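The next block holds one structure in the form of structure tokens; read it before the comments.
The values are calculated or read from the model by the stated rules, or taken from the named source; none is laboratory data. Source: prediction; values computed, not measured. Counting neighbours? That spans all protein chains shown, and the Cβs are built from the backbone with ideal geometry, glycine included. Surface areas here come from the heavy atoms of the whole protein model, side chains and all, with no ligands, DNA or RNA. Shrake-Rupley method; radii C 1.70, N 1.55, O 1.52, S 1.80 Å.
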Amino acid sequence: MKSIEEETANQPSSDAKHRLDQASASPERPSKIAKRNEQVEEEKEETIVKEGGNMQRYLVAIEYIGTRFSGSQQQVVQRTVVGVLQEAFKKFVGKPVSIFCSSRTDAGVHALSNVCHVDVERISKRKPGEVLQPHEPEIVIKAMNHYLQKEGDVAVIDVRKVPSDFHARYRAQERTYYYRLLSGPDSLSTFERGRAWHVPEDLNLRAMQDACKILAGNHDFSSFRAAGCQASSPIRTLDELHILESTSFPYFPSNPMPEASDDDAQDSSTCLDHPDTDAKNIDSKDNGKIFTGSGKEFGLKRGHRCLIIKARARSFLYHQVRLLVGVLKCVGTGHLTGADVERILNAKSVAAASPMAPAYGLYLGHVKRADPRMPFKRRRYIVAVPIVGEWLMRDHISK
């Protein structure tokens, strides 16, 4: 404890206090201490955000190649999309963050656009502990891609500020997946390995499109639900299931393209860089001669026929898209018919389905989200309740 003498020594004398009061009261000589205190208070108001409002939630859109990822969700040891993003954010903001994705992807699955949200508190690096105004989205994009460039297989493509109650997963309204099939007897190009499913047989596009009509709509998709699915109901509405033909990647004018059958040529939607040019009439020598499909010039690899399967729904069951693709592929090769597809769907058992398509041909294409400015409302939906082996549809109000 301090002695009385020490406390008295630390206190200003009455004469010094009297002189300080006179100086501060004089209109001609304003106190420098008072001015300094006012400046400090103004700086605090400009730089420090009020308590409770210092955390900014960002909606982040990302793209990635899933080949070297063990899925999107964070794992203790394995390399994942969320783990890499959290590490990059930690380098950016200087503290750990938690990231929540709208859609989970398995190991090997790619994403053209997956959406997640993250809460970030901007702390001054010059003055530790001082909280600053949140970064603008453009700054977040540039900074994150700077820290992600060494990864080489993931990038941030868009960022937006959203309210603190906006959840990337629960506010997702629709998800679109694409699956790439490459058909042809030749071995797969090095540029395509791990990016598409190679099917050596020729695929019947018209038969596959007819099978899509059977599977689209509201059904019990128990036959397309892998073991380990945590969904409470197998009832799903497949809003769109469609197949179109496209150019294989990468496409260059000198690469000879495979010929399509006459029936498929009438049914398919071919997406070429030059729509007026037929896919089977590509110049193979750059000397004015047209490639006829009867042979190929030495050193040029023949391309594959590329089919894109598009699946769109509010939500999917575990491995549902890959199981659907497995059945459609068998229809295309002639191993299954339309009647077989109906039989598999009505069997309501995954054991009746064809082998599942590999993960590396699947792409998460787009996640449609609710407007962040709109308040979250309870959603009325249909829930299926198991009754003696069947599923009874009932109205349900989300809580």
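List, please: which pairs have Cβ atoms under 6 Å, are six or more places apart or on different chains, and start with a residue in segment 116-137 that is closer than 15 Å to P96 by Cα and end with one that is aromatic (F, W, Y) and open to solvent by 20 Å² or more (accessible area, probe 1.4 Å)?
H117/F100
Looking only at segment 136-169, how many residues end up being open to solvent by 50 Å² or more (accessible area, probe 1.4 Å) and not polar (S, T, N, Q)?
So the answer is 16.
Condition check: open to solvent by 50 Å² or more (accessible area, probe 1.4 Å) and closer than 21 Å to A227 by Cβ. Does K348 satisfy that?
On the way: open to solvent by 50 Å² or more (accessible area, probe 1.4 Å): yes; closer than 21 Å to A227 by Cβ: yes.
Yes: the conditions hold for K348.
Which residue is modelled with the lowest pLDDT, if the candidates are limited to segment 164-185 and must be in a loop (DSSP other than H, G, I, E, B) and among the charged types (D, E, K, R)?
Among residues in segment 164-185 that are in a loop (DSSP other than H, G, I, E, B) and among the charged types (D, E, K, R), the one modelled with the lowest pLDDT is R171.
Could you list all residues from segment 298-330 that are of a type in the set (V, I, T) and open to solvent by less than 10 Å² (accessible area, probe 1.4 Å)? I'd like the intermediate steps shown before the answer.
The first filter runs over segment 298-330 and keeps only residues of a type in the set (V, I, T), leaving 308-309, 321, 325, 327.
Matches in segment 298-330: I309, V325, V327.
If I go through segment 84-101 residue by residue, how many of them are open to solvent by less than 90 Å² (accessible area, probe 1.4 Å) and either of a type in the set (A, V, I, L, M) or under 14 Å from the mean Cα position of the chain (by Cα) (or both)?
Of the residues in that region, 7 qualify.
Go through segment 166-188 and count every residue that is of a type in the set (D, E, K, R) and more than 20 Å from the chain's Cα centre (by Cα).
So the answer is 1.
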